[in-house]
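Colleague: Submitted below is the structure of interest, expressed as structure tokens.
The values are calculated or read from the model by the stated rules, or taken from the named source; none is laboratory data. These figures come from a predicted structure and were not determined experimentally. All Cβ positions, glycine included, derive from the backbone under ideal geometry; neighbour counts span all protein chains shown.
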């Protein structure tokens, strides 16, 4: 092709036809410019396609993160609600006028598993953090960006609150456990029945009852707050997931 153009240029020069030569030169420049513009356009198309593919992969990862979080929230709400139902049942028994100190002691022995806690502050937000840290959030639609930022703000509140709640539960349970021979039955070490009886007989039951009652009250408040923030975060996550699914 270049050889063909050179031949034409040489022929025009030999004919000493300046006007035709200038027209040819302009035409050649125009062809070169068109070629450059086409190359740039193809390059832009390729870059846009790469961005679209990358954005799609991030959206897929975001949806997977949200699905895992929603499942985890449902599990936590179920466990926290079960604990609340246990506490409500204990409150009903504790409020009975006929309850004696001996009954209270037996109640504590039978409900040591209420000390267990289930919720965690773990979240599946690695995709969002990657987008944020790499500066690729701009690959997503502006509405998606704003919703992600709002969700992340709520996630931070959730993490702080759940972490604080867990620490409070841990401190209260440790304080109560120090008063009684605490264990879960599945991990129980087999000991002589007389020895076990002697251990329980030496419990400071006045202290144990007070700390158990304090723990139940705090546990109820903490669980109610945890359920509220978890349900709110679950709802926000579900709304965002629906928005992402509707993009397709």
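Colleague: Just name the residue that is farthest from residue 177 (Cα to Cα) out of those in the stretch 91-115 that are assigned to a loop (DSSP other than H, G, I, E, B) and touching a helix residue (DSSP H, G or I) at 6+ places or on another chain (Cβ under 8 Å).
Modeller: Restricting to residues being assigned to a loop (DSSP other than H, G, I, E, B) and touching a helix residue (DSSP H, G or I) at 6+ places or on another chain (Cβ under 8 Å), the top hit is 99.
Colleague: Let me ask something else about it. So is residue 144 under 32 Å from the mean Cα position of the chain (by Cα), farther than 30 Å from residue 49 by Cβ, modelled with pLDDT of 85 or more and surrounded by 10 or more Cβ atoms within 10 Å (Cβ to Cβ) or not?
Modeller: No; evaluated as a whole, the condition is false for this residue.
Colleague: What about residue 231, is it surrounded by fewer than 12 Cβ atoms within 10 Å (Cβ to Cβ) and either at pLDDT 90 or above or part of a helix (DSSP H, G or I) (or both)?
Modeller: no
Colleague: Take the stretch 64-88 and flag every residue that is within 15 Å of the chain's Cα centre (by Cα) and surrounded by fewer than 16 Cβ atoms within 10 Å (Cβ to Cβ).
Modeller: 64, 67, 68, 71, 74, 75
Colleague: Given the conditions (1) surrounded by 18 or more Cβ atoms within 10 Å (Cβ to Cβ); (2) in a helix (DSSP H, G or I); (3) over 31 Å from the mean Cα position of the chain (by Cα), report the number of the one that residue 199 does not fulfil.
Modeller: Every condition holds for residue 199 apart from (1).
Colleague: Take the residues of the stretch 180-196 that are under 17 Å from residue 115 (Cα atoms) and outside any helix (DSSP H, G or I): which is modelled with the highest pLDDT? Lay out the reasoning, then the answer.
Modeller: We begin by selecting, within the stretch 180-196, every residue under 17 Å from residue 115 (Cα atoms); these are 180-188.
Those still in the list that are outside any helix (DSSP H, G or I) too: 180-184, 188.
On the way: 180: 85, 181: 79, 182: 71, 183: 65, 184: 56, 188: 61.
Per the stated criteria, the residue is 180.
Colleague: Another question, then. Can you tell me how many residues within the stretch 147-166 are surrounded by fewer than 14 Cβ atoms within 10 Å (Cβ to Cβ) and in contact (Cβ under 8 Å) with a residue 40 or more places away in the chain?
Modeller: 3
Colleague: Taking the stated definitions as given, is residue 134 exposed (fewer than 14 other Cβ atoms within 10 Å of the Cβ) and within 14 Å of the chain's Cα centre (by Cα)? Outline the logic, then answer.
Modeller: Details: exposed (fewer than 14 other Cβ atoms within 10 Å of the Cβ): yes; within 14 Å of the chain's Cα centre (by Cα): no.
Against the criterion (exposed (fewer than 14 other Cβ atoms within 10 Å of the Cβ) and within 14 Å of the chain's Cα centre (by Cα)), residue 134 does not qualify.
Colleague: Any idea how many residues of the stretch 167-179 are surrounded by 13 or more Cβ atoms within 10 Å (Cβ to Cβ) and assigned to a loop (DSSP other than H, G, I, E, B)?
Modeller: Counting residues in the stretch 167-179 that are surrounded by 13 or more Cβ atoms within 10 Å (Cβ to Cβ) and assigned to a loop (DSSP other than H, G, I, E, B) gives 1.
Colleague: Please indicate, with yes or no, whether at least one residue in the stretch 111-134 is free of Cβ contacts under 8 Å to residues at least 40 places away in the same chain and closer than 19 Å to residue 207 by Cα.
Modeller: For the stretch 111-134, residues free of Cβ contacts under 8 Å to residues at least 40 places away in the same chain and closer than 19 Å to residue 207 by Cα: present.
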